[in-house]
1. With just the Cα atoms defining each centre, how far is the range 176-239 from the range 54-87? Give it in Å.
2. Quick check: convex hull over the Cα atoms of the range 228-313, volume per residue in Å³, rounded to an integer?
3. Which value, in debye to the nearest 20, gives the size of the charge dipole of the range 106-207 about its Cα centre, when Lys and Arg are +1 and Asp and Glu are -1 at the Cβ?
4. Taking Cα centroids, how far is the range 265-289 from the range 97-121 in Å?
5. Just tell me, in residue order, which DSSP H segments of the chain are both 24 angstrom or longer along the helix axis (alpha-carbon based) and at least 0.5 in mean Kyte-Doolittle hydropathy.
6. Along the positive direction of the dipole of the range 98-212 (beta-carbon charges: Lys, Arg +1; Asp, Glu -1; about the Cα centre), which of Thr195, Leu110, Tyr184 reaches farthest?
7. Over the range 36-168, what is the relative contact order in percent, taking alpha-carbon pairs closer than 8 angstrom and at least six residues apart?
8. Test of understanding: ordering Lys163, Lys60 by Cβ neighbours within 10 Å, fewest first, what list do you get?
Amino acid sequence: MIKKVIEEGATTRREFISTMSALGVSGLSPNSLLAQTQMPQRPIPGKGEMLPVVGLGSSKVVSQISSNGIDPLAAVLRALRDSGGRVVDTWPRNPENDAGLGQVLSAPDLRDSLFVTTKIDRVGKEAGIEQFRQTQRLYRRETIDLVQIFSLIDLDTQWQNLKEWKAEGHARYIGVTVSEYNLYEQLEEFLGRETPDFVQMNYSITERRAEERLLPLAEDMGLAVLLNRPFMNGAYFRRLEGRTLPEWAAEFDCESWAQFSLKYILSHPTITCVLTETSNPQHMEENARAPLGRMPDATARARMRSFIDQRSL
Ligand SMILES: NC(=O)c1ccc[n+]([C@@H]2O[C@H](COP(=O)([O-])OP(=O)(O)OC[C@H]3O[C@@H](n4cnc5c(N)ncnc54)[C@H](OP(=O)(O)O)[C@@H]3O)[C@@H](O)[C@H]2O)c1
C-alpha cells in the first residue's frame, strides 16, 4: 500500500503525510499517539524515493578534520546512520579536509548508506567544473546524490553546469541554496523560470519568514525542501541559556530546546529534511529523535511561536 501511494506520486506532501498517518505508519501527524521508534521518512516529490527527515550539516565537523582527524566525523555520521538518517550536506572548501571527508564516506559500512550532497560556490563555468571534478575525486564518488548552487552564486552559469551534470548522470538531483532573507527575492525569481529538484533554505522557530511565500511556492511546485540554520548556527542555544523548557512541551514529546526547534520545523508538511550541524554524536542522536513520538499541531505551533516572540528570542 505504501509503495502504491509513493509510486502513484499524485499526492501533495500534505496528502501523503495524512495518508501515511491514516495507515498508521507516519508518526508525523499532529498529536499522533503512535510510539515511533524509526526515523520517519518523506518523499522526494514525484521521484519515488524517500529521505529520512533529519540529516547532518557537516561544515563544522569537516572543517575540524585538519586539527582533530577524521574520527569525530566518522562518529557523528555513524550516529546519524544508526538513528535511521541518511542525508549529509557538504560544502567543499579545503582539499585536506575534503579528502578526509572522502575517506570517511568510503568506509565500507557508510559507502552505500548515505545521501551525499555538495555545493558549487565558484564564479565562471570552468571554475565550477573544476570544483565539481575535485569534489568527485576527493569524495571518491562519480555520482553525487544532490549538487546545489551555494547561496545562488553565479546562478545562471552554474545552473547550466548542474543541468549538464544531471544529464550526464554525475548528479542524481540538482538544486539551489539560500540561508539568508536577503536572497529570498532572487530565489523566488529563479523559481519563476526554473524547476530544481531541491531547494535549501533557512527556517526555524526563530527564523520563520520562509512560511510566508517560499514554502508555499515549493509545495506548489513539488520541490524537495532541505532546511538549514535550525539553531541559527548555535545562536538559538545562546539566547535560551538558563531558560527551562515549558512543561507543555511534553505534550508533543519534546525533551530539549534542540527538539523544540526541530519539532516546529518538521511539523511543517513541506519540509523534506532538516540539516542539523553538529560535531557531537550525542547531539546527532538527540536531533534524530526529534521526529519521534507526537508532533505539535496547529494550536501547539501557535503557542510555540508566541512563547518565542513574547521573550524576544
Ligand atoms: N548557503 C548555504 O548553503 C548554507 C548556509 C548555512 C548552512 N548550510 C547548511 O546547513 C547546515 C547547518 O548549519 P547551520 O548554520 O544551519 O547550523 P545549526 O544546525 O543551526 O547550528 C549548529 C550549532 O548548533 C549546535 N547544536 C547542534 N545540535 C545541538 C544539540 N542537540 N544541542 C545543543 N547544541 C546543538 C552545534 O554545536 P555542537 O557541534 O556542539 O553540537 C552548532 O554549534 C550546515 O552545515 C550546512 O550544511 C547551508
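1. Taking the Cα centre of each part, the range 176-239 and the range 54-87 sit 23 Å apart.
2. On the way: hull volume 8.6 nm³, N = 86.
Once divided by residue count, the hull of the range 228-313 is 99 Å³.
3. Values: 12 positive and 18 negative charges, 101 e Å.
So the dipole magnitude of the range 106-207 works out to roughly 480 debye.
4. Spelled out, the Cα-based centre of one part sits 19 Å from the other.
5. Values: long enough: none.
Membrane-span-like by this criterion, though nothing is claimed about a membrane: none.
6. Positive-most Cα among the choices belongs to Leu110.
7. On the way: 182 pairs, mean separation 26.9, N = 133.
Relative CO of the range 36-168 lands at 20 percent.
8. On the way: Lys163 14, Lys60 17.
Starting with the residue having the fewest Cβ neighbours, the order is Lys163, Lys60.
Values in this text are rule-based calculations from the coordinates and carry no lab data. On a predicted model such as this, the values are computed, not experimentally measured, just so you know. Positions of Cβ are generated from backbone atoms using ideal geometry, with glycine treated the same way; all protein chains shown enter the neighbour counts.
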